[in-house]
Amino acid sequence: MTATLDLPVLAAPEPAPVRRRYRALRRFARNRAAFIGALVLVALVVVAVFAPLIAPHDPYHQDLLRRFQPPGRGGVLGSDDFGRDQLSRLIFGARASLIFSLLAMAVAVIIGLPQGLAAGFLGGKVDTALGRLNDTLLAVPAILLAIVVVGALGPSLVNASFAVGLVTAPRFFRIVRAVTQDVKGETYIEASRALGSTTRRTVLHDVVPNVLGPLIVQFAIGLGTAVTAEASLSFIGLGIRPPTASWGGMLQMAAANMTQAPFLVYPPGIMIAITVMAYLMVGDGLRTAFGTTRSAVSEGTKA
């Protein structure tokens, strides 16, 4: 008769990446400014998603007899040059601005991430060629290059967001390239390659997870830049086309009628400022939470 030894069943240790993400989320939640910025952005997303239910009036309904009505007589925020409710257009404008910023940053990541990984990991002539290309794009003023691209493609939300994403991509390239160069010399990367891991597998499984932290930080900061870019392009007539409600388009209309209705300029201007500030607060909180203190982020933000 053999005796059996009952050993306690030990739970598998939590993976290190999971622990790091959990600690990062806790640090982010303790950052009051970042938490407030996140709440503002969540509120904006809710307003954008449920805009048809929240808006008191149809933002596209025109009533020329109610042109330039001040707040109170013309609704909560007054009415514009076509008698449309300013508050309703402001609510629907949140949807356009958020969609624009997300599309622009998605384009920037799609263009900048693969280039940064290739330049940082392969080095040599690939690094030189991609570096020169992105340095050339950075040498041209971003808004001027965006105007040229939109002028060639035609003004629309998709074309304008592509243009902004294209001129923002070099910032993501520089961040990803810098982090990849730091990670490439680590011992576990050399061990992975010595064990026969392909370049593609090494990059996807060992390099990309280290890039995500700085990339997310730059993504959040870039969203704020995209909001101001949309407002700038729409202000000069190259962004979101009327009658679609956008904060930049509302500013353009308000600037053209400052003498008759100066009250129209404040709501979209304030909302742009609040949104950009919220993105920056969240980006700074993410930088602190992920411990992204290396020079990679500064490589992108100073560009």
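Listing for the model above:
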read-out	value
Matching entry among 152, 169, 178 (being within 30 Å of residue 276 (Cα to Cα), within 16 Å of the chain's Cα centre (by Cα) and among the hydrophobic types (A, V, I, L, M, F, W, C))	169
Residue within segment 83-96 that is over 21 Å from residue 44 (Cβ atoms) and surrounded by fewer than 20 Cβ atoms within 10 Å (Cβ to Cβ) present	yes
Which listed residue, of 281, 253, is out of contact with any Asp or Glu (no Cβ under 8 Å at 6 or more places or on another chain) and assigned to a helix (DSSP H, G or I)	281
Checking residue 59 against (1) surrounded by 15 or more Cβ atoms within 10 Å (Cβ to Cβ); (2) in a loop (DSSP other than H, G, I, E, B); (3) out of contact with any Phe, Trp or Tyr (no Cβ under 8 Å at 6 or more places or on another chain), the condition it does not meet	(3)
Verdict on residue 128 being hydroxyl-bearing (Ser, Thr, Tyr) and over 23 Å from residue 203 (Cβ atoms)	no
Filter pass, residue 89 being in a helix (DSSP H, G or I), basic (Lys, Arg), at pLDDT 90 or above and over 16 Å from the mean Cα position of the chain (by Cα)	yes
Spans of helices (runs of 4 or more DSSP H) in segment 142-205 with at least 3 residues closer than 16 Å to residue 109 by Cα	157-184
Candidate set from segment 108-128 (those that are small (Gly, Ala, Ser) and part of a helix (DSSP H, G or I)); member that is surrounded by the most Cβ atoms within 10 Å (Cβ to Cβ)	116
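The values are calculated or read from the model by the stated rules, or taken from the named source; none is laboratory data. Note that the structure is a prediction, hence the values are computed from the model and not measured. Here Cβ is always computed from backbone atoms with ideal geometry, including for glycine, and neighbour counts include all displayed protein chains.
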